Structure formats: C-alpha cells, structure tokens
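Report on the structure given below.
A short reminder: the numbers here are calculations on the coordinates, not readings from a lab. Values in this document were obtained by computation on a predicted structure and should not be read as measured data. We place every Cβ from the backbone using ideal geometry, glycine too, and count neighbours over all the protein chains shown.
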Amino acid sequence: MDEAVFIVAAALLLAGIVLYQAERKRRASEDSISTEDVKDLAGALKKVFMDVQEPKKEPDASHPASALLSAERVLIVPGEGMVASQAQLQAKQLAFLLEKRGAYVRFLLHPEAGRAPGEVRSLLDEAELPSTRIDAPSPDVRASSYDVCVVIGACDIVNRALRSIDPVDIADVRHVIICNYNTRPGMSGLPNTLYGRTDGVTFLLGDAKDSLQLLLDGLEV
C-alpha cells in the first residue's frame, strides 16, 4: 500500500476512535461533545497530515553518505583502523541503520585484519554484532556483487598489490568509502592502487569513529 494512503487511512481510524470515545463520554454525562475533544481530534489529524506533506530529508549528493542511500548491497571491511579508534559500535550501528533502510549488509572479516589475530573479531563480538552478519573471504563471497564497500582502516586488506595475504579485491565495487587515518600505505609499506582511482571513491580521513559517525549522521537526517 502507498505510504500516504496508509497514513491517511490511519488518520481516519484515529478520528473514528477519538469520536467514539468522545461519544461514550457524552452519553455517560449526557453532555455534548466538548470543545477539548474536538481540539484533541484536530491536533491529532494535523500531526498526521503534516507527516504526509513533509517528505523525509536526504543528504545532498556531496555528502559522504549519499552513495549509501541507493545501495541495495553494502560490504563493510574492518581493519586496524577500527581497532585503533574503538569504532566497533559505530560500525554495527551503520550496518543496522542501512538494514533498516532496506539494504543487505555484510561484514567481510579477513584473517589478517588488525595487528593481532582475532582482535577485530573480538571487538565485533564485544559490540554484539551477530555472527550471521560476518563472512570470511571465500570464492562464494564476491565483493564485486556489492554496490558500496566501506573500508574501515583496512588499507592492506584491500590492497591488490599485497598478494601474500590474498587481499579482498574491491576494485569492481561501484563505490568505495575509505575510512583511513591518512593516505599513507599500510603496515606493508605498499601503496594501494585504490588511492589513484578517480571515480567512485570517497575518502574520509582521520579517526575512524568520527568518519563512521559522519556517515551515520548523513543517513539519519
């Protein structure tokens, strides 16, 4: 059902309930429907119709979150940057907010992510991210099938030049949002070719927690 039609129908139902209750009160006291009853009904209906007439605002095309608005499939690749900033809660909130908007969201957790084995997974568990939303790299997980990839301080993990760790290849993802502290190479010292991409890349430099919060704010307008 169209959202506007649904809201109008709900408004009419609300009006009927208010009038019914007012009529019961009138019969009990043998008085006419009070002015307060009418005001209550008018106020409730005004609120409903204002909600219909005022469309939800969306961030403009220049906002970093704009690429996420139309995304149906979003891949999140966490790394050392998420650990350093303790941004696991913001990462989880981003996933849940995108899902609320109708997107399919997965975390891709590379075994080499972070400075120590298991530390990225430990933080995601601490944030109570359901394990069903976490994938490990495998032939069945194709990054190219996603509309947007959000990289959280995982420079080496998505670096195609670092063949020794079998990196996550996100070169064919339509849009990539890179949340890195800076544009310098990761611990490997190898420059990431993604940094030379001129189209379909958004850089959010600085603390990963602040970068993720910027995306959350953009989606919540």
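Once the Cβ-Cβ distance between Asp172 and Tyr104 is put in as r, and R0 is 25 Å, what FRET efficiency do you end up with, to the nearest 0.05?
In this case the efficiency is close to 0.90.
Would you mind ranking Glu112, Glu80, Glu99 by Cβ crowding within 10 Å, fewest neighbours first? Don't jump to the answer; show the numbers that get you there.
Details: Glu112 17, Glu80 24, Glu99 13.
Ordered from fewest to most neighbouring Cβ atoms within 10 Å, Glu112, Glu80, Glu99 come out as Glu99, Glu112, Glu80.
With a cut-off of 19 Å, note down the residues of the range 75-103 whose backbone N falls inside the zone around a label point 7 Å from the Cα of Glu126 toward its beta carbon.
From the range 75-103, the list is 77-95.
What ranking of Arg163, Arg106, Arg142 emerges when the number of other C-beta atoms within 10 Å of each C-beta is taken as an exposure proxy, fewest first?
Working: Arg163 9, Arg106 18, Arg142 12.
Listed from fewest to most nearby Cβ atoms, that is Arg163, Arg142, Arg106.
From a point 7 Å beyond the Cα of Leu69 in the direction of its Cβ, which residues of the range 194-215 have a backbone N at a distance under 19 Å?
Zone members listed by number: 200-204, 212-215.
In square nanometres and to one decimal, what's the mean projected area of the convex hull around the Cα atoms of the range 66-219? Don't skip to the answer; put the middle values down first.
Working: hull surface 31.9 nm².
Spelled out: convex hull of the Cα atoms, projected over all directions, averaged, 8.0 nm².
Arranged by the count of other C-beta atoms within 10 angstrom, fewest first, what order do Arg184, Arg133 take?
On the way: Arg184 11, Arg133 15.
Listing Arg184, Arg133 from fewest to most nearby Cβ atoms yields Arg184, Arg133.
Give the long-range amide H neighbours of Val176: residues separated by 5 or more places, or on another chain, with amide H under 5 Å away, using H modelled in the peptide plane at 1.01 Å from N.
Placed amide hydrogens put Cys149, Val201, Thr202 under 5 Å from Val176.
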